[in-house]
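Note sheet for the following structure.
The values are calculated or read from the model by the stated rules, or taken from the named source; none is laboratory data. The model shown is predicted, which means the values in this text are computed figures rather than measured ones. Glycine gets a Cβ as well: all are built from the backbone with ideal geometry, and neighbour counts include every protein chain shown. Each accessible area value is taken on the protein alone, full model and side chains, heavy atoms only, with ligands, DNA and RNA left out. Shrake-Rupley method; radii C 1.70, N 1.55, O 1.52, S 1.80 Å.
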Amino acid sequence: MQKLYCIIGRSPINYKKKNLDLKVVWHVDVDLGHLRKVSRQHALIAFNFDKECFEIKCLSKKYPVYVNGDAYYLKDQAVPLTSRSIVTISTESFFFLLPPETIA
């Protein structure tokens, strides 16, 4: 990972309408495909320097983000992530993994 945040969602679709080339552009770091229940920018994972942990925020207005089975809808609600937290968006689930700590 090269930065301390990651946007999860679905990538833009290029389409043509009435001989006009229209390109819809928004940014996602992790593309979950073109699932109906995945928003363009669905979730944000970012490092919180005050709490010294990664957190996830739901950016979708319609569909929640699930962390370890609990649903979160609110943009203002940041949910702390630990290594092996299970994150579910629509039908896609994944583990949030942190590298093992190095012993000095």
Could you run through the range 70-104 and say how many residues are open to solvent by 80 Å² or more (accessible area, probe 1.4 Å), of a type in the set (Ser, Thr, Tyr) and without any contact (Cβ under 8 Å) to a residue 24 or more places away in the chain? 2
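Applying the selection to the range 57-104, what residues are β-branched (Val, Ile, Thr) and assigned to a strand (DSSP E or B)?
Restricting attention to the range 57-104, the residues satisfying the condition of being β-branched (Val, Ile, Thr) are 65, 67, 79, 82, 86-89, 91, 102-103.
65, 67, 79, 86, 87, 88, 89, listed by residue number.
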In the range 25-49, the residues that are β-branched (Val, Ile, Thr), part of a loop (DSSP other than H, G, I, E, B) and surrounded by 13 or more Cβ atoms within 10 Å (Cβ to Cβ): 28, 38
Scope the range 38-79; condition within 23 Å of residue 98 (Cα to Cα) and of a type in the set (Asp, Glu); matching residues: 50, 52, 55, 70
